[in-house]
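Accompanying notes for the structure given below.
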Amino acid sequence: MKALRTFMMAVDKTNIFIGKLMVGVTLLAVLVITFEVVMRYIFGAPTNWGHELMTLLFAIFYVAAGGYAHYYRAHVRVDVFYATRSERTRAILDLITSVPFFLFTLVLFYTSWEFYWSSQTMEAGAEVLGIQVPGERSFTDWGPAYYPIKFMMPFGALMLILQGLVWLMRDIHLVATGRKLS
Amino acid sequence: MSIETITITMFGSMMLLLMLGLPVAFSCGTVGMVFTALIQGPMAVSIVPTRIFGLMTNYLLAAIPLFIFMACILERGGLIAEIYEMVYQWFGGLKGGVATASVMACTMMAAMVGVIGASEVTMGVIALPEMLKRRYDKFISTGSILAGGTLGILIPPSVMLIVYGMVDNSSIGQLYAGAFLPGFLLAGLYIAYISFRCYLNPIMGPPIPKEERLPLITRIKLLFPLIPAGILVFLVLGTIWLGIAAPTEAAGVGAVGAMIITFAQGKLKWKGIVEACENTLKSSAMVLWTMFGANIFVAFYIMVGGGAFVTQLLVGSGLDRWVILWIMQLILIFLGAFIDWVGIIMLCVPLFGPIIRKLGFDPIWFGVLFAVNLQMSFLTPPFGYALFYLKGVAPKEISTTDIWKGAAAFLGLQFVGLVLCMIFPEIILVVPRLLFRG
């Protein structure tokens with residue numbers, strides 16, 4: 001039991017920590033777009049990376065936060081039948097819907113891992129210091145590497161799966177004992 | 001499987017999962033994946049990450065977290081409260097004045113924020129207790145805040161119209177221009193209704209007593225702190241309409257501008273910024289994951305011929321095009337009671353958009369009509385964001401039923417607004433024509 005508790009704590013803490021990191025990413029993205037706007041409209045010297053960097057930062061931000069949002073139960077539900085049930089009934093409903101939930105997240109994890117891996121190992125890489133480096137790059141002028149962004153997709157799916165497992169354990173405990181796990 | 005069977009089983013199983021309480025993102029996503037695997041084979045599922053990657057790296061969608069961030073900062077910085085205080089002093093002397101002031105303050109805020117949460121929560125905390133203290137009618141009090149706060153997502157900058165424009169491939173600048181007058185029309189309807197009720201029966205909303213009103217000079221002084229906010233509105237909306245900046249850039253300017261204004265007035269602490277970021281993260285992750293899931297669902301459905309099927313069903317029925325338009329509006333009102341706006345846009349726009357063009361309606365007009373219609377979705381129980389937000393902050397003596405009843409009259413007004421925009425398309429189209437086609 002102790003190991004399970006440690007696992008649950010670890011997952012919760014990790015997702016909260018990711019949230020804290022993403023606070024930094026948000027501010028960074030805001031700074032980048034500000035810099036770009038100032039350079040473009042005040043100095044007339046737009047960068048070739050501002051917009052893309054901001055977009056990619058936000059891309060990381062959305063997918064990485066999947067588990068964080070699930071920790072806070074922020075993923076929006078339809079509260080027609082669900083919300084008016086007792087806590088225990090809701091836990092039972094959650095146990096039932098955990099089947100499609102894990103189906104979705106596991107398939108997402110598997111497919112996006114493949115998606116990332118084919119990008120990581122792509123031949124058409126760039127030259128860094130005269131050495132050919134594999135990995136997919138964006139087709140823009142700036143041409144940043146795409147695979148770190150794509151890596152965030154299986155990572156986000158994994159964090160969602162782990163957070164889902166924590167909720168599953170809480171639900172099982174509630175259904176079995178009628179008490180909430182503190 | 002025939003398209004009829006696919007339609008019924010897909011929508012049926014999605015509805016079942018939604019009812020059981022699985023979040024919209026995962027319900028749509030699972031059903032979309034399972035059907036893709038069943039009908040096109042397991043290998044076909046590998047298209048899913050490509051679609052998600054397309055959405056998450058979409059440049060236009062980056063405006064969503066930026067606008068949400070801007071609203072969170074303005075909320076933390078107390079700007080909403082300041083605007084309310086100013087309008088309250090100017091118009092509180094009217095019958096029903098506090099409720100009118102609430103709607104006006106919400107309308108002004110709506111021109112700065114693109115979501116509903118910030119105004120709804122702030123007004124629920126300051127204006128609602130004020131109205132109850134002055135013995136305002138409970139339903140007028142709750143209804144004015146519910147309906148007023150909802151304007152945030154209609155009056156530009158609006159996050160809803162960004163998602164709509166992205167899905168429908170129509171110009172966000174034009175949609176913003178189109179949503180302007182309908183937003184003010186709705187605000188006008190709310191104020192007219194409040195005043196009408198309170199002039200007939202002043203007990204429902206007594207004016208502020210004379211001795212509590214501030215002298216003119218003090219009231220004029222209240223306007224000064226709001227000048228920077230006015231400049232911010234111009235920077236955000238003006239640059240989009242003059243075609244200077246893309247919506248995402250304008251959103252970035254708005255986010256930084258909001259930080260500078262609140263920071264300069266000494267109202268923004270580091271803790272406030274972090275909290276604003278965290279709220280932005282939760283809301284944006286929710287919106288984007290719902291988009292991911294719904295996209296998996298609808299992209300598959302259209303690929304197997306669902307779009308053509310729905311078009312055939314509606315256009316091929318031989319019904320008058322206005323009847324078809326009404327059917328769509330009723331579908332939206334119905335869905336709005338159960339599903340959140342992101343899901344509705346993702347599921348309905350890819351199906352309705354082509355039909356609207358086929359019937360010869362103006363796509364910009366329909367887009368704004370869509371947004372006006374979805375105003376109701378925030379107020380229709382059982383699932384209405386505005387209802388949840390207000391219930392979350394309302395004093396204990398206000399029950400959920402009070403909030404639902406308060407929403408009822410204003411829902412009626414929103415419906416009147418929708419009908420007016422349908423009968424007189426100029427309400428929507430005059431501004432875009434002036435700005436873009438003149």
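The values are calculated or read from the model by the stated rules, or taken from the named source; none is laboratory data. If you're wondering where the values come from, they're calculated on a predicted model, not measured in any experiment. Cβ atoms come from the backbone with ideal geometry, glycine included; neighbour counts cover every protein chain shown. Heavy atoms of the whole protein, side chains included, go into the accessibility calculation; ligands, DNA and RNA do not. Shrake-Rupley method; radii C 1.70, N 1.55, O 1.52, S 1.80 Å.
Accessible surface for residue B:212 stands near 90 Å², nearest 10, in the context of the full protein assembly shown (1.4 Å probe).
Modelled spin-label separation between residue A:20 and residue B:9, with each label point placed 7 Å from Cα along the Cα-to-Cβ direction: 4.8 nm. Taking the C-alpha atoms only, the angle from helix B:247-264 to the longest principal axis of chain B is near 30 degrees. Taking amide hydrogens as placed 1.01 Å from N in the peptide plane, the amide H of residue A:137 sits under 5 Å from those of A:146, each at least 5 positions away in sequence or on another chain. Distance between the C-alpha centres of segment A:92-106 and segment B:32-79: 21 Å, rounded to the whole angstrom. Relative to the isolated chain, which residues of segment A:28-48 have their accessible area cut by 40 Å² or more in the presence of all protein chains (1.4 Å probe, heavy atoms, no ligands or nucleic acids)? Those are A:30, A:33, A:37, A:41, which lose 40 Å² or more relative to the chain on its own.
If you filter segment B:313-416 for trypsin sites (Lys or Arg not before Pro), then keep DSSP loop positions with at most 10 other Cβ within 10 Å, what is left?
Loop-located and lightly packed - B:396.
Can you list the residues of segment A:37-78 with backbone N under 16 Å from a point 7 Å past the Cα of residue A:181, pointing along Cα to Cβ? In segment A:37-78, the label zone of residue A:181 (backbone N under 16 Å from the point 7 Å along Cα→Cβ) covers A:71-73. Rounded to the nearest 20 debye, the dipole size of segment B:105-230 about its Cα centre is 480 debye, using +1 on the Cβ of Lys and Arg and -1 on the Cβ of Asp and Glu. Share of carbon and sulfur in the accessible area of chain B stands at 71%, probe radius 1.4 Å.
Using a Förster radius of 22 Å, what is the FRET efficiency between residue B:275 and residue A:31 based on their Cβ-Cβ separation? Nearest 0.05, please.
The pair residue B:275/residue A:31 has a calculated efficiency of 0.75.
When you count the other C-beta atoms within 10 angstrom of each residue and take the mean per peptide, B:338-351, B:67-80 line up highest first as B:67-80, B:338-351.
When the Cα positions of B:166, B:91, B:63 are compared along the charge dipole of segment B:47-197, B:91 comes out farthest toward the positive end, with charges on each C-beta of Lys, Arg, Asp and Glu. Between residue B:321 and residue A:95, the simple label model (points 7 Å from Cα in the Cβ direction) yields a spacing of 5.5 nm.
Summed over qualifying helices (DSSP H, 4 residues or more, each -39500 (n - 2.57)) and divided by its residue number, chain B shows a 222 nm mean residue ellipticity of -23500 deg cm²/dmol. Karplus-based coupling profile of segment B:338-350, in residue order and whole Hz: 10, 10, 7, 4, 4, x, 5, 4, 4, 7, 8, 4, x, with θ = phi - 60° in 6.51 cos²θ - 1.76 cosθ + 1.60 and x standing for Gly or Pro. Does segment B:272-348 classify as rounded, prolate or oblate by the C-alpha gyration tensor (a ≥ b ≥ c root eigenvalues; a/c under 1.5 gives rounded; else a/b over b/c gives prolate, otherwise oblate)? Since a/c reaches 1.5 but b/c is at least a/b, the shape of segment B:272-348 is classed as oblate. Assuming R0 = 35 Å, what is the FRET efficiency of residue B:217 and residue B:264, from their Cβ-Cβ distance, to the nearest 0.05? The computed FRET efficiency comes out at 0.90. Heavy atoms of the protein chains alone define the surface here; on that basis chain A has 50 Å² accessible area per residue at 1.4 Å probe size. Computed from point charges on the beta carbon alone (+1 for Lys and Arg, -1 for Asp and Glu), the dipole magnitude for chain B about its Cα centre is near 640 Debye. Here segment A:1-130 is assigned +1 on the Cβ of each Lys and Arg and -1 on the Cβ of each Asp and Glu. Its dipole about the Cα centre then comes out at about 800 debye. Computed 3J(HN,Hα) for segment A:116-122, one whole-Hz value per residue from the Karplus formula 6.51 cos²θ - 1.76 cosθ + 1.60 where θ = phi - 60°, is 5, 5, 5, 6, 5, 9, 4, glycine and proline marked x.
Computed from Cα atoms, the angle from the helix B:321-336 axis to the main principal axis of chain B rounds to 70 degrees. Accessible surface ranking for B:282, A:180, 1.4 angstrom probe, highest first: A:180, B:282. With protein chains left intact and a 1.4 Å probe, residues in chain B average 35 Å² of accessible area per residue.
With a Förster radius of 25 Å, plug the Cβ-Cβ distance of residue B:199 and residue B:430 into 1/(1 + (r/R0)^6) and report the FRET value to the nearest 0.05.
0.20
Positive end of the charge dipole of chain B (Lys, Arg +1 and Asp, Glu -1 on Cβ, about the Cα centre): tell me which of B:123, B:225, B:8 has its Cα farthest that way. Working it through, the farthest residue towards the positive pole turns out to be B:225. Helix B:138-150 axis versus longest C-alpha principal axis of chain B: approximately 60°, rounded to the nearest ten.
When the Cα positions of A:108, A:153, A:89 are compared along the charge dipole of chain A, A:89 comes out farthest toward the positive end, with charges on each C-beta of Lys, Arg, Asp and Glu.
Packing, as the average of other Cβ atoms within 10 Å across residues, places the peptides B:307-316, B:27-36, B:164-173 in the order B:27-36, B:164-173, B:307-316, highest first. Buried on complex formation within segment B:240-284 (loss of at least 40 square angstrom of accessible surface versus the isolated chain, 1.4 Å probe, ligands and nucleic acids ignored): B:249, B:256, B:277, B:278, B:281, B:282.
Taking a ≥ b ≥ c as the square roots of the eigenvalues of the Cα gyration tensor, segment B:179-312 is oblate, since a/c reaches 1.5 or more and a/b is not larger than b/c. Put simply, chains B and A cover up around 5100 Å² of each other's accessible surface, both sides summed, when a 1.4 Å probe is used.
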